[in-house]
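Chemist: Before anything else, here's the structure in question.
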Amino acid sequence: MSITSQIEVASEDVKSMQVPEWLMNGQPLKIFWTPMTVKDQKKITQRYPNFYENIMDIEVQVHIIITKGLDDKGDPLFDFADKKWFDNRDPLVVMRIASSIIQNKTVEELEKN
């Protein structure tokens, strides 16, 4: 018997953050995400090999947000057709969101460190 059949995985910890620079119905957009998985990393590295080494590349950051960003129902918030939309966004906002997702920490948790 494989050991993986005996391993219990803790429930996924869904994180979220508000993005005051991006409004939806007059309210700050709220982005949800689950921790990065091996499957997510495989998807990203297909397009961006060694993406952790290139984490400061804005295209990598946008890809992370599109891949991991969820709405409050757990559905994808963005799709790759939205990639052009990101071209006109503040790169510091994109970086803040992608960093939170990669580290699986909210902005408040990152500020504590």
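Quick note: the coordinates plus some simple rules give every number you see, no bench work behind them. From a predicted model like this one, the values you see are computed outputs, not experimental measurements. Please note: Cβ atoms are built from the backbone with ideal geometry, for glycine as well, and neighbour counts cover all protein chains shown.
Chemist: Considering only the other residues whose Cβ falls under 12 Å of the Cβ of PHE80, what net charge follows from Lys and Arg at +1 and Asp and Glu at -1?
Modeler: Neighbourhood net charge equals +1.
Chemist: For the pair ASN104/PHE80, report the inter-label distance in nm, with labels modelled 7 Å from Cα in the Cβ direction.
Modeler: Using points 7 Å along Cα→Cβ, the separation is 2.6 nm.
Chemist: Determine ³J(HN,Hα), in whole Hz, for all residues of the stretch 63-72 in sequence, where each value follows from phi through the Karplus function 6.51 cos²θ - 1.76 cosθ + 1.60 and θ = phi - 60°; x replaces Gly and Pro.
Modeler: Per residue, the Karplus-derived 3J(HN,Hα) values read 4, 4, 5, 5, 5, 9, x, 10, 8, 5 Hz.
Chemist: Would you kindly derive the ³J(HN,Hα) couplings of the stretch 75-81 from the backbone phi angles with the Karplus curve 6.51 cos²θ - 1.76 cosθ + 1.60 (θ = phi - 60°), listing them in order in whole Hz, with x for Gly and Pro?
Modeler: So the Karplus estimates, Gly and Pro as x, are 8, x, 7, 10, 9, 5, 5 Hz.
Chemist: Could you run the Karplus curve 6.51 cos²θ - 1.76 cosθ + 1.60 with θ = phi - 60° over the stretch 37-43 and give me ³J(HN,Hα) per residue in whole Hz, x for Gly and Pro?
Modeler: For the stretch 37-43, the Karplus-derived couplings read 10, 4, 4, 4, 4, 4, 4 Hz, x marking Gly and Pro.
Chemist: Once the other residues with Cβ under 15 Å from the Cβ of THR45 are scored (Lys, Arg +1; Asp, Glu -1), what is the net sum?
Modeler: Neighbour charge sum, excluding THR45 itself: +1.
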